[in-house]
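Worksheet: one structure, shown below.
The values are calculated or read from the model by the stated rules, or taken from the named source; none is laboratory data. These figures come from a predicted structure and were not determined experimentally. Glycine also receives a Cβ, built like all others from the backbone with ideal geometry; neighbour counts cover every protein chain displayed. These accessible areas exclude ligands, DNA and RNA; they are computed on the full protein's heavy atoms, side chains included. Shrake-Rupley method; radii C 1.70, N 1.55, O 1.52, S 1.80 Å.
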Amino acid sequence: MKAVRQYGMEGVRIQNVSELAGISPGAIYRHFDGKEQLLVECFTYVDKQAAQIFEHLKFNPLSMITDPMGAVKGLWLPYFRFWTSHPDETVFYHRFRDSAFFPKYDKSRDVTYFKTFIGMVHAFKKVFPSLNRINQDLLWLHVLTSTVMYAKYVVEGTLPNNQETEDTIFQLLTTGLSGYMKPDKFKRKRRK
């Protein structure tokens, strides 16, 4: 990941990785078929780390009704802070998702390690059925891509790492969601 941050996704070579790790290229080839497999394993490792964040969060489904944006922020903020506190992983993850490697990998990857997060999403969709009107792939891409992109800007020093940045990014991220975060009104039957 450090080598990708330093040399870029396409520019990185096994030799760069071996130099940073202080081992021979042959030692890397004993464990990986080549650069592509090494990159995929690094991505999966980071993806699983990000998924673990949701395993440790306390999630109160009632807060979705009383403070929907607060509930979203309670889930999003630890995720965003994970990325800002892991600079090499953030830059690597962002570059890998934008690389030619990702589409092929994405079609076959196992994301069952996101089961807790997926359960939280289902809870939101149950309380706010209008979320189902959003293309789910587009919704996830919006949240993930925006979060990682802004975190990358923070770790690269383009944006300051402070409360104002977090609040502004969250506001930008959720402005479009706010119209979908209203519980459906109970329909009253008309009496004749």
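The table below gives the values:
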| read-out | value |
| --- | --- |
| Rh by Kirkwood over Cα pairs, then Stokes-Einstein D for the chain at 1.002 mPa s and 20 °C, µm²/s | 115 µm²/s |
| Accessible surface, per residue, of the chain when the full set of protein chains is kept, probe 1.4 Å, Å² | 62 Å² |
| Pair Asn161, Lys126: separation of 7 Å Cα→Cβ label points (nm) | 3.7 nm |
| Stokes-Einstein D in µm²/s, Kirkwood radius over Cα pairs - the stretch 1-76 at 20 °C with 1.002 mPa s viscosity | 141 µm²/s |
| Protein accessible area in the stretch 54-124, 1.4 Å probe - carbon and sulfur % | 61 percent |
| Where trypsin sites (Lys or Arg not before Pro) fall in DSSP loop in the stretch 1-103, at most 13 other Cβ within 10 Å | Arg13, Arg30, Lys58 |
| Mean separation of Cα contacts under 8 Å, 6 or more apart, over the residue count of the chain: relative contact order % | 25 percent |
| Charge sum, other residues only, whose C-beta stays under 12 Å from Asp88's C-beta, Lys/Arg counted +1 and Asp/Glu -1 | +2 |
| Extension gain (nm, one decimal) between Lys104 and Asp67, 0.36 nm per residue minus Cα-Cα | 9.4 nm |
| With Cα atoms, 0 to 90° folded angle of helix 115-127 axis to the chain main axis | 20 degrees |
| Alpha carbon convex hull of the stretch 25-69, volume per residue in cubic angstrom | 94 Å³ |
| Too-long pairs where the Cα-Cα distance tops 20 Å, listed order kept, from Lys2/Lys115; Lys58/Lys107; Lys58/Lys125; Lys2/Lys107; Lys104/Lys125; Lys35/Lys115 | Lys2/Lys115; Lys58/Lys107; Lys2/Lys107; Lys104/Lys125; Lys35/Lys115 |
